[in-house]
Amino acid sequence: MVKLAEWRGKDLFRKYGLPLPKGQVARTPEEAEALTRNGTVPLPCVIKAQVLSGGRGKGGAVKFANTPDEARVAAAAILGLEFKGEKVRELLLEEKLPIAKELYLSLTLDRSLRLPILIVSPQGGVEIESVDDSAIDKIPVHPFPGLASYEKRRAGQTLGLTGGPAKSLDRLLESLWTLFQREDAELVEINPLAVVGDGLVALDAKVIIEDDAGFRHPEWDDIQDDRTPLEEVAREKGIAFVQLDGNIGVIANGAGLTMATLDVLKEFGGEPGVFLDLGGTDDPKKVTEAFLLMAQAKPKAVFLNIFGGVTRCDTVATGLVEAMKQVPTAERFPLVARIRGNNEKEGVEILRAAGITSIPTLRESAQAVVAAAGGKA
Ligand code: GDP
Ligand code: MN
């Protein structure tokens with residue numbers, strides 16, 4: 001799953017004809033000022049941090065401005081923020097609309113029903129988790145016929161809409177349903193969906209796309225999301241690779257063993273800095289490639305924790321020894337290996353010949369790598 005920034009979500013909304021406020025992205029205070037001065041964004045306007053976490057309204061990451069000068073000052077204040085651990089690099093400036101009522105609306109997948117589901121509530125503008133169940137209507141949608149007109153009417157009734165806004169909802173739901181399907185979305189959420197005048201406007205957009213459908217969407221390639229440059233390289237090579245804040249590199253195979261390895265390191269006071277899941281492979285070259293990628297992350301020490309199954313221990317050992325030959329001496333790091341399972345004896349022997357000892361128990365190997373990385377964090 002990949003979460004899109006609000007402005008990307010709204011670009012999709014625009015493509016499908018959903019009603020939006022007039023707006024534009026800015027990346028500097030000067031740009032924000034210019035957009036409001038030249039009328040691209042009408043005043044008064046709303047200035048919103050483009051971060052992936054919600055709760056921006058409450059958290060000071062949404063501000064209002066009445067003049068171009070105010071827009072510049074507000075933009076400068078928000079661009080300096082670190083919002084829930086994420087640096088604000090982009091802003092969305094939009095005309096400020098007079099809201100008569102804030103509603104909630106989303107389309108998502110209900111995994112237990114195994115159906116798309118339309119969720120609506122007349123209590124919008126706050127996190128849906130905080131809304132009482134009695135004020136939320138969940139309407140399962142059959143994926144083949146799509147949203148039926150009686151389902152759309154039921155949503156309108158729950159939202160308390162009549163007249164213009166009810167008609168607006170009808171069109172909006174049709175567009176949103178098409179978007180949800182064609183764009184392979186897991187979630188499209190509009191919160192708040194605002195009643196403005198005689199219609200509705202999507203004031204916020206949260207879109208999560210299913211990136212396993214990426215092969216159908218070449219246009220997603222430029223969505224870099226929050227990947228680091230190395231994570232980007234790994235993704236292109238098809239290696240599961242994630243960078244964290246610590247200093248120990250972890251190479252394991254299988255999501256379960258990889259997660260357990262991170263936990264064990266934490267347990268012994270270590271801080272995992274990057275992890276790499278070898279998955280199942282019988283090609284030592286893939287292992288070498290993965291290792292060289294790990295080396296580029298410059299870990300203080302690396303823990304290789306492999307349980308040989310499909311991926312045999314000797315395959316991993318061969319790939320590893322080859323990689324170590326290619327890493328310049330100055331960039332080498334202490335390595336603690338624990339390889340068990342299929343072809344363990346052969347693997348251990350290959351490592352031994354290259355001067356690497358495999359420590360068979362989890363506790364001792366984890367403690368050894370924490371010590372090699374400079375002790376407890
Ligand atoms: P979130 O808090 O991260 O979900 O950010 P939102 O985009 O939902 O904005 C938070 C709140 O700002 C909304 O619930 C509205 O109350 C307010 N807001 C956003 N756009 C407008 C606007 O055009 N006019 C007015 N009056 N309020 C707005
Ligand atoms: Mn919102």
> When both residues are 6+ apart or on different chains and their Cβ atoms are under 6 Å apart, which pairs have a first residue that lies in the stretch 34-62 and is under 20 Å from residue 84 (Cβ atoms) and more than 6 Å from ligand 1 (Cβ to nearest atom), and a second that is open to solvent by 30 Å² or more (accessible area, probe 1.4 Å) and not in a strand (DSSP E or B)?
Replying inline: 50/7; 50/90; 53/84
> Quick one: is residue 56 within 14 Å of ligand 2 (Cβ to nearest atom) and of a type in the set (Lys, Arg)?
Replying inline: yes
> In the stretch 174-192, how many residues are assigned to a strand (DSSP E or B), more than 16 Å from ligand 2 (Cβ to nearest atom) and open to solvent by less than 20 Å² (accessible area, probe 1.4 Å)?
Replying inline: 1
> Do we have residue 265 as open to solvent by 30 Å² or more (accessible area, probe 1.4 Å), assigned to a helix (DSSP H, G or I) and aliphatic (A, V, I, L, M) here?
Replying inline: no
>> So, in the stretch 101-117, exactly how many residues are open to solvent by 50 Å² or more (accessible area, probe 1.4 Å), more than 16 Å from ligand 1 (Cβ to nearest atom) and touching a residue at least 40 places away in the same chain (Cβ under 8 Å)?
In response: 1
> When only residues in the stretch 77-95 that are free of Cβ contacts under 8 Å to residues at least 60 places away in the same chain and open to solvent by 70 Å² or more (accessible area, probe 1.4 Å) count, which is nearest to ligand 2 (Cβ to nearest atom)?
Replying inline: 84
>> If the requirement is being open to solvent by 30 Å² or more (accessible area, probe 1.4 Å) and under 30 Å from residue 30 (Cα atoms), which of these qualifies: 98, 122, 145?
In response: 98
>> Every residue in the stretch 27-45 that is open to solvent by 30 Å² or more (accessible area, probe 1.4 Å) and not in a helix (DSSP H, G or I), please.
In response: 27, 28, 38, 39, 40, 42, 43, 44
> Applying the selection to the stretch 277-290, what residues are modelled with pLDDT of 90 or more and open to solvent by less than 30 Å² (accessible area, probe 1.4 Å)?
Replying inline: 288
> Which of the residues spanning the stretch 166-206 are within 16 Å of ligand 1 (Cβ to nearest atom), more than 18 Å from residue 97 (Cα to Cα) and among the charged types (D, E, K, R)?
Replying inline: 189, 206
> Can you name every residue in the stretch 125-135 that is away from ligand 2 (no atom under 16 Å from the Cβ) and open to solvent by less than 40 Å² (accessible area, probe 1.4 Å)?
Replying inline: 135
>> Can you tell me which of (1) polar (S, T, N, Q); (2) in contact with a helix residue (DSSP H, G or I) (Cβ under 8 Å, 6 or more places away or on another chain); (3) exposed (fewer than 15 other Cβ atoms within 10 Å of the Cβ) is the one residue 66 doesn't meet?
In response: (2)
> Do we find that residue 157 is open to solvent by 20 Å² or more (accessible area, probe 1.4 Å) and within 21 Å of residue 10 (Cα to Cα) in this structure?
Replying inline: no
> Out of all the residues in the stretch 195-219, which are without any contact (Cβ under 8 Å) to a residue 24 or more places away in the chain and either within 16 Å of ligand 2 (Cβ to nearest atom) or aromatic (Phe, Trp, Tyr) (or both)?
Replying inline: 215
>> Checking the conditions here, which among 126, 120 is within 16 Å of residue 60 (Cα to Cα) and either more than 16 Å from ligand 1 (Cβ to nearest atom) or of a type outside the set (D, E, K, R) (or both)?
In response: 126
>> Which numbered condition in (1) charged (D, E, K, R); (2) at pLDDT below 95; (3) buried (at least 19 other Cβ atoms within 10 Å of the Cβ) is the only one that residue 48 fails?
In response: (2)
> Considering only helices (runs of 4 or more DSSP H) fully contained in the stretch 283-361, which possess at least 1 residues that are within 23 Å of residue 233 (Cα to Cα), in contact with a helix residue (DSSP H, G or I) (Cβ under 8 Å, 6 or more places away or on another chain) and free of Cβ contacts under 8 Å to residues at least 40 places away in the same chain?
Replying inline: 284-296, 313-326
> Out of 17, 60, which single residue is in a loop (DSSP other than H, G, I, E, B) and either assigned by TED's automatic domain parsing to the domain that holds residue 143 or out of contact with any Ser or Thr (no Cβ under 7 Å at 6 or more places or on another chain) (or both)?
Replying inline: 60
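The values are calculated or read from the model by the stated rules, or taken from the named source; none is laboratory data. Since we're looking at a predicted model, the values are computed, not measured. Cβ coordinates were reconstructed from backbone atoms using ideal geometry, including for glycine residues, and neighbour counts include every protein chain displayed. Surface areas here come from the heavy atoms of the whole protein model, side chains and all, with no ligands, DNA or RNA. Shrake-Rupley method; radii C 1.70, N 1.55, O 1.52, S 1.80 Å.
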